[in-house]
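What follows draws every value from the coordinates through simple rules; no lab data is involved. The structure presented is a predicted model; accordingly, all values stated were derived computationally and were not measured. Here Cβ is always computed from backbone atoms with ideal geometry, including for glycine, and neighbour counts include all displayed protein chains.
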Amino acid sequence: MTAVEEEIQQARILIVDDQEPNVRLLSRLLQDAGYAQVFATMDPTEVGALHRAEPFDLILLDLQMPVMDGFAVIDALKANLRDGYLPVVVLTAQPGHKLRALQAGVRDFISKPFDLLEARTRIRNTLEVRVLYRRLEAHNDTLEATVRERTAELRESEARFRGLTELASDWYWEQDPQGEFTKVSGPVMEMLGIRVSTLEGEASRWLDEGWNEDERGRLQASIAARRPFIDFVFHRTALDGARRQFRVSGQPMFDQSCQFLGYRGIGVEVTSGH
């Protein structure tokens, strides 16, 4: 017996009918088919409380009952659904009630007087759908938990990466898609003359003083083409006339839909004697 078949055989089934002969007939049918958990009530007002206390996988519900008919029971069940699944198959001798019941969200119907083979088949099919629906929900819950776990791991990894890169370099930097610096760490402003925006609407930028324009142009071309670069060497002449040399590495960042997010990278000063 497969795992799905075992779950079907262990399904909790409730028979709701005010006619005792119908209850006995359906109970015997289900027990002969191997279902292990079959319950019954002839009081429709109990159904909501019974289902809330311990949900049923299938409710076989008569529509024609005194005090509270089957449609009222359906409305009460729908008001307290935990997972959006209405596990009801209606029992009716009225052809006109079948469409109304299906429109109300029930899974299927069994006509009275009962055709036992048809009843058994419809019950089996409905329970199989219920078991597969529950398995899909469990799979989705597991998938969501895995995504949350992986996201947390990625954030931790990102934090470790930044920590290590900051230790292994003089500065760490990030740029947005427009090329504006969004994050820098280390003495980058003093070393490179970078101004990071502090006022709303003010762009972060490289200041113009002392750069080798050919080198800076080639670096900006790599960034504009969204190419990674490793140990790109460039120079800047400081205000005191000292010539300083730097090495920078960077890589483009993309989200899961391949949307460009900007750049991030590290840099070190390699000036002789530094």
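Determine which residues of segment 243-274 fall in the zone a paramagnetic label at E180 would reach in this model, i.e. backbone nitrogen under 17 Å from the point 7 Å along Cα→Cβ. So the set is 261-264.
For E20 and L86, a Förster radius of 30 Å and the Cβ-Cβ distance give a FRET efficiency of 0.70, rounded to the nearest 0.05.
Provide the percentage of antiparallel DSSP beta bridges, counting only those with both residues in the chain; round to the nearest 5. Antiparallel: roughly 60 percent of the beta bridges in the chain.
Between Q31 and E54, the contour length at 0.36 nm per residue exceeds the Cα-Cα span by 6.3 nm.
From the helices alone, meaning DSSP H stretches of at least four residues, give me the mean residue ellipticity at 222 nm for the chain, per-run term -39500 (n - 2.57), in deg cm²/dmol to the nearest 500. Before the final figure, lay out each step's value.
On the way: 8 runs with 115 residues, N = 274.
Using -39500 (n - 2.57) per qualifying helix, the result is -13500 deg cm²/dmol.
For a straight C-alpha distance cut-off of 17 angstrom, the aspartates and glutamates reachable from K98 (same-chain residues fewer than eight places away being disregarded) are D17, D62, D69, D75, D108, D115, E118. At an R0 of 25 angstrom, the distance between the Cβ atoms of T271 and R226 translates into a FRET efficiency of 0.30. Extension gain, L116-E6: 0.36 nm per intervening residue step, less the Cα-Cα distance, totals 37.4 nm.
Can you figure out the FRET efficiency of E149 with K78, using R₀ = 35 Å and their beta-carbon distance, to the nearest 0.05?
On the way: r = 34 Å, r/R0 = 0.98.
That gives a FRET efficiency of 0.50.
Here the dipole of segment 6-58 is about 40 debye; that uses its Cα centre as origin and unit charges on the Cβ of Lys and Arg (positive) and Asp and Glu (negative). First check a/c for segment 4-87, with a ≥ b ≥ c the square roots of the eigenvalues of its C-alpha gyration tensor; if it is under 1.5, answer rounded, and if not, answer prolate when a/b is larger than b/c or oblate otherwise. The shape class here is oblate.
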